[in-house]
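The values are calculated or read from the model by the stated rules, or taken from the named source; none is laboratory data. Since this is a predicted model, take the numbers as computed values, not measurements. Note: ideal-geometry Cβ built from the backbone for every residue, glycine included; neighbour counts use all protein chains shown.
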Amino acid sequence: MVADVNLKEIQRKVYMTFFQDGLWDIFLGLFILGWGLSILTEAAYLPGVFFTGIYFTIWGIKKWLTYPRIGYVRFSATSRRRITARFLILGTAVLLLGVMAAVLWGIGTRPQWLADYFPLIFNGMLAAIVCFVAYWARVNRFYLHAALIFLGAVFHLWLGTRWEFGFIGAGGIIVLIGLGILISFLRKYPKMVEEVHGEDLQ
Amino acid sequence: MVRTFNNGDQIPEPVTRIDRLIHEPSRYTLMAYLYVVEVADFLFLLRQTGMTWGNLSAHLGKLEVAGYVVIEKEFLGKKPHTTVRLTDEGRNAFEEYRGNMKRVLDNLPTK
């Protein structure tokens, strides 16, 4: 029915405002960069530090940058629980992936095929998680981000580039995409102040 | 009370029960946005609907008078900040409106 379709479209539009400013793209890009730096420096804690630090910073930036431009909305308790559950699932999946990588990479004896194709498997699983985000949030450009992450492993296997450079490259490109979206967002939506009695308060 | 057209034909009941306050396209849009969230501020509704401040204020005022929305004003520092949410009455009225519209459209004769 028309009424039902319109309501679903409106709900989708409201969810999409979450991703309009490009900040989540920057978050993802920096997180992937963190993975690359972690492999480069053998500092296993880096992805966790990046994830936590940037995640909470993003919300502060949204309050300062995004809400004064497109306004603020609070979803219903049911929606908030659903969103929180998905974030928790994502975070857990990434954490498990990291633990799996650390365990498998740390094992002295492993099958040769695992040693050869481990980057492809790992990047593939990370890309699958990003694809899940793209599907859930209906943000199609996240499929591109997933492809970039997977390509890093492909280049490592077939061109012989270092595995960590694939992460750093993909992360860097994703950050640049996010910055481009953010700049476009800032131009499209100037800060607005509510009118009082027809006059702007500055 | 049975309502009729000028030619004497009876107006189908769901049509007579359509809430004219919600039926206005701008107010329907506002109610729809407020229905899918818990709270939205003025700026969000302005951006999503494309209305002017005055237009938005006028429509929300009518909905507030009808008891469909609650408008809360506060100051964040020196800046006014207005939030809007549907009341239970507003939520029920919107659902009833959607139901009535569905019945009207479902009962339309096919060609």
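Tabulated values for the structure
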| read-out | value |
| --- | --- |
| Flag for A:Ala146 being modelled with pLDDT of 95 or more and assigned to a helix (DSSP H, G or I) | yes |
| Tabulated pairs, segment A:10-26, first at the interface with another protein chain (Cβ under 8 Å from one of its Cβ atoms) and over 15 Å from A:Lys188 (Cβ atoms), second of a type outside the set (Phe, Trp, Tyr) and part of a helix (DSSP H, G or I), C-beta under 6 angstrom, 6+ apart or interchain | A:Ile10/B:Ala32; A:Ile10/B:Val36; A:Gln11/B:Val36; A:Val14/B:Val36 |
| Number of positions in segment B:85-97 that are in contact with an Asp or Glu (Cβ under 8 Å, 6 or more places away or on another chain) and either modelled with pLDDT under 90 or more than 10 Å from chain A (Cβ to nearest Cβ) (or both) | 2 |
| Check on B:Val39, within 23 Å of A:Tyr67 (Cβ to Cβ) and either touching a helix residue (DSSP H, G or I) at 6+ places or on another chain (Cβ under 6 Å) or within 8 Å of another protein chain (Cβ to nearest Cβ) (or both) | yes |
| Enumeration of residues in segment A:148-185 that are under 15 Å from A:Thr66 (Cα atoms) and either within 14 Å of chain B (Cβ to nearest Cβ) or touching a helix residue (DSSP H, G or I) at 6+ places or on another chain (Cβ under 7 Å) (or both) | A:Gly178, A:Leu179, A:Ile181, A:Leu182, A:Phe185 |
| Qualifying residues in segment A:44-78 (those that are β-branched (Val, Ile, Thr) and either without any contact (Cβ under 8 Å) to a residue 24 or more places away in the chain or in contact with a Phe, Trp or Tyr (Cβ under 7 Å, 6 or more places away or on another chain) (or both)) - the one surrounded by the fewest Cβ atoms within 10 Å (Cβ to Cβ) | A:Thr78 |
| Members of segment A:79-100 found to be away from chain B (no Cβ under 14 Å) and surrounded by 13 or more Cβ atoms within 10 Å (Cβ to Cβ), listed by number | A:Arg86, A:Ile89, A:Leu90, A:Gly91, A:Ala93, A:Val94, A:Leu95, A:Leu97, A:Gly98, A:Met100 |
